[in-house]
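What follows is one structure encoded as structure tokens, with my remarks underneath.
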Amino acid sequence: MIRTASLGFPRIGPRRELKWALERFWSGACDDQAFGRSLADLRCQRWQQQRAHGIDIVPSNDFALYDHVLDHCCMLGAVPERFGFGSRPLGLHELFRMARGGEGAPPLEMTKWFDTNYHYLVPELAAGMRFRAEPSKAVEEFRAALELGIRTRPVLIGPLTFLRLSKRVDGGPAIELLPQLLPAYRDILRSLAEAGADDIQIDEPILATDLAQAERAAFPAAYRALADAAPGQRLLLATYFGAIDEYRDIVCALPVHGLHLDLVRAPEQLPAILESWPRERTLSLGLVDGRNVWRCDLAAALSLAEHAAARRGIDNLQIAPSCSLLHVPIDLAAETALDPALAAWLAFAVQKCEELALIARGLADGRAAIAEALAACEAALAARRASPLTRRAEVRERQARLTAGDRLRTTPRAARLAAQRVALGLPLFPTTTIGSFPQTAAVRKARADHRAGVLDDAGYTAFLRAEIERCVRFQERIGLDVLVHGEFERNDMVEYFGEQLDGFLVTEHGWVQSYGSRCVKPPIIVGDVARRGPMTVSWTSYAQSLTAKPMKGMLTGPVTILQWSFVRDDLPRAQVAEQIALALRDEVRDLEQAGVRVIQVDEPAFREGLPLRRRDWPAYLHWAIAAFRLCTAGVADATQIHTHMCYSEFNDIIDSIAELDADVISIETARSRMELLAAFERFRYPADIGPGVYDIHSPSVPETAEMVAMLERASQVLDPERLWVNPDCGLKTRRWQEVEAALPRMVEAARLMRHRHRTAPAQGA
Ligand code: GLN
Ligand code: ZN
């Protein structure tokens, strides 16, 4: 029998119930019981929703209070000693301390889940670590669903992916710990089997990445051990985010009962798998895009499914999304303000479940059984193809006219920097911030009131101007060198631009989880991108008018806007990035003409855009660098271009970052404990650089001496003449009280450095 399956569903709830529950709990406004009840409701709702919309195989254990990787740390006993929990059972308090820090212990590091904008907490492992199974979370979820009459398929992150996502605090490769880890996995599988879980989904998305030799070699024995854990239990190995390619032979030889393939990212892998995957085992076809919001081309998906069925019969086929639906918003039906003609182009998680059900029915009962749906789908797709919204002649013509010169600043960077330093009157170790200042409740309320029509345009502008003025005065008072306006007008660094650019749609409730209780509402790029008019100039030039100090204009870069939007699937990403870059180039020009002499183009998602396979890196880097340069290369030599990056691993692309040809980069380093600096031991970075000295994710205020120590470490691998002093990232999530305490210390740290290095004989002038 053909069945539909879901690999995972959004956790946040249709109205971000998870976020509100977490924040209430953290603030002490609700107790453990009330918190537990709201979560139980949410979990049930997710299961029932998937069932109601046509999913036969519903997952469990895909829900997480904060993060599913963190849940696995708890389930496997992979809890760092530094938290001092000893052998006490882990409760909510412990879970949130690992996620958020506290009581003197910093939280686990956070980084991006493959090439998504979802952040997971990085497990910290060490050689002597005693893994042990703590299966209660997975078992309880399974039982809770069973009580509702839903026999779920629990999801586990596979052991090899878990180890890849971990880091060894004592050095050495995490994979060495596999033998100690496997017994814990086996115990979890057994506990689930005892609870009645006959089917288990094991995710190994690392099969879509470059595997180390040791990882490849480890798969067979690891899966032998898992397969033997509970006789009769069926394991479905889920791969996604790309093709399994050269690992096909390894995968097909694994003693697992089922295999899931991402046929949206990698449809080309199907024929070979149909040859090699045994017919008596389950094949799960990932036909509906779990990473994007476009409506599925039902006829095309059905063709793939029919092809598979023709080769191997339909008995052991499952119809699934390409990956977990975690990455898409929940329900398109909530978008009541969206033009229905445009809504017809889209599908969110709920609609994707319905698409799966249709494909399964079309396969089981023939196309005639879903003729109406096929026709409606074809009509929507045809309307989208023909829509004038998707193509703008003037944008395409401008792209066609671009030359290499448009991406080139002709004066070498060193000469530009020297001229800028004089023109801007900057001292050694100049100080600045990354852009945003605290988004207080008052700021959020003014924005909401303005949106709701309670506060008129004039009132809102006056409010924002007052915030800007206060922020500028504060920065002047504490003696920062390059100021910012504070970004009070922005809800989000991508959505703000999405709202103002043609070619973008914004949703009302299209939230996706970024990490923990944090959600983002990615705009949707539906058509060619064009700028309607200046987007930031009035705020920045107002701020500049208040001060003689240089004011830094603040833009989100083309790669980050692309990366943090749902991107159209009918034009190559490189082309879309180029269109965004052209719109931003005009904004850069307007800022410059308005007298702004420093412009920062943020690219925190630059690294995240890297393809999962190294062989695909050069092509991406080529167009991503070109887009950034197109956006920034139109300025005069004296205009200083900054960029900013954070919360990723930058060491292996530092040479590409240099190729962006920005004059100054600020980059997160404090949170990841200055790991970045290792890159500069091998590579001489040719521009100014501000390694973050203030971890803005932590509510604690660093000591001046700590910041000086970080700057001294940086001075050992970077030319002190090239160093800037700044926080890791924007301050929007901090409170004014914290910022007012931390930034003067940062300015003082810079002053101390100036003093030391000016008087140090080696530094000369
Ligand atoms: N300019 C942005 C800010 O300060 C940058 C945010 C980011 O890097 N994610 O908030
Ligand atoms: Zn940042």
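The values are calculated or read from the model by the stated rules, or taken from the named source; none is laboratory data. Only a predicted model underlies this, so the values are computations on that prediction, with no experimental measurement involved. Ideal geometry is used to build each Cβ from the backbone, glycine not excepted, and the neighbour counts take in all protein chains shown.
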Exactly one condition in (1) away from ligand 1 (no atom under 14 Å from the Cβ); (2) in a loop (DSSP other than H, G, I, E, B); (3) not basic (Lys, Arg) is false for residue 604; which is it? (1)
Output the residue which, of all residues in region 701-718 that are assigned to a loop (DSSP other than H, G, I, E, B) and surrounded by 15 or more Cβ atoms within 10 Å (Cβ to Cβ), is farthest from the chain's Cα centre (by Cα). 718
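Residue-by-condition table, conditions (1) more than 20 Å from residue 117 (Cα to Cα); (2) out of contact with any Cys (no Cβ under 6 Å at 6 or more places or on another chain); (3) not hydroxyl-bearing (Ser, Thr, Tyr):
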{"site": "319", "(1), (2), (3)": "yes, yes, yes"}
{"site": "326", "(1), (2), (3)": "no, yes, yes"}
{"site": "333", "(1), (2), (3)": "yes, yes, yes"}
{"site": "343", "(1), (2), (3)": "yes, yes, yes"}
{"site": "350", "(1), (2), (3)": "yes, yes, yes"}
{"site": "355", "(1), (2), (3)": "yes, no, yes"}
{"site": "365", "(1), (2), (3)": "yes, yes, yes"}
{"site": "369", "(1), (2), (3)": "yes, yes, yes"}
{"site": "374", "(1), (2), (3)": "yes, yes, yes"}
Can residue 451 be described as out of contact with any helix residue (DSSP H, G or I) (no Cβ under 6 Å at 6 or more places or on another chain), of a type in the set (Lys, Arg), over 20 Å from residue 592 (Cα atoms) and within 16 Å of ligand 1 (Cβ to nearest atom)? no
Which ranges mark the strands (runs of 3 or more DSSP E) fully within region 225-289 that have 3 or more residues being out of contact with any helix residue (DSSP H, G or I) (no Cβ under 6 Å at 6 or more places or on another chain) and touching a residue at least 60 places away in the same chain (Cβ under 8 Å)? 234-238, 258-262
Can you give me the number of residues within region 629-644 that are surrounded by fewer than 24 Cβ atoms within 10 Å (Cβ to Cβ) and either within 16 Å of ligand 2 (Cβ to nearest atom) or among the small types (Gly, Ala, Ser) (or both)? 4
Quick one: in region 639-675, of everything that is farther than 16 Å from residue 624 by Cα, in contact with a helix residue (DSSP H, G or I) (Cβ under 7 Å, 6 or more places away or on another chain) and of a type in the set (A, V, I, L, M, F, W, C), which residue is modelled with the lowest pLDDT? 674
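Here is a yes/no grid of residues against (1) within 23 Å of the chain's Cα centre (by Cα); (2) surrounded by fewer than 17 Cβ atoms within 10 Å (Cβ to Cβ):
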position	(1), (2)
274	no, yes
319	no, no
324	yes, no
327	yes, no
Helices (runs of 4 or more DSSP H) wholly inside region 14-123 that include at least 3 residues being closer than 20 Å to residue 352 by Cβ: 32-52
Every residue in region 529-575 that is within 16 Å of ligand 2 (Cβ to nearest atom) and closer than 19 Å to residue 491 by Cβ, please. 554, 555, 556, 557, 560, 561, 563, 564
Any idea which residue in region 375-410 is farthest from residue 582 (Cα to Cα), counting only those that are among the β-branched types (Val, Ile, Thr) and surrounded by 12 or more Cβ atoms within 10 Å (Cβ to Cβ)? 390
For region 675-700, name all the residues that are in contact (Cβ under 8 Å) with a residue 60 or more places away in the chain, crowded, with 18+ Cβ neighbours inside 10 Å, over 25 Å from the mean Cα position of the chain (by Cα) and not in a strand (DSSP E or B). 687
Does any residue in region 713-736 that is under 16 Å from residue 645 (Cβ atoms) and among the aromatic types (Phe, Trp, Tyr) come within less than 7 Å, Cβ to Cβ, of a residue that is within 16 Å of ligand 1 (Cβ to nearest atom) and not in a helix (DSSP H, G or I) six or more places away or on a different chain, and which pairs are these? 724/432; 724/664; 724/666; 724/689; 724/690
Out of contact with any Ser or Thr (no Cβ under 7 Å at 6 or more places or on another chain), surrounded by fewer than 19 Cβ atoms within 10 Å (Cβ to Cβ) and in a helix (DSSP H, G or I) - does that describe any residue in region 124-131? no
Can you run down the residue pairs with Cβ atoms below 8 Å, 6 or more apart or on separate chains, where the first is in region 543-557 and within 14 Å of residue 433 (Cβ to Cβ) and the partner is within 16 Å of ligand 2 (Cβ to nearest atom) and charged (D, E, K, R)? 554/487; 554/602
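Residues checked against (1) out of contact with any Lys or Arg (no Cβ under 6 Å at 6 or more places or on another chain); (2) part of a helix (DSSP H, G or I):
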residue	(1), (2)
620	yes, yes
625	yes, yes
629	no, yes
634	no, no
638	yes, no
643	yes, no
656	yes, yes
670	yes, no
Can you name every residue in region 437-481 that is within 16 Å of ligand 2 (Cβ to nearest atom) and among the hydrophobic types (A, V, I, L, M, F, W, C)? 437
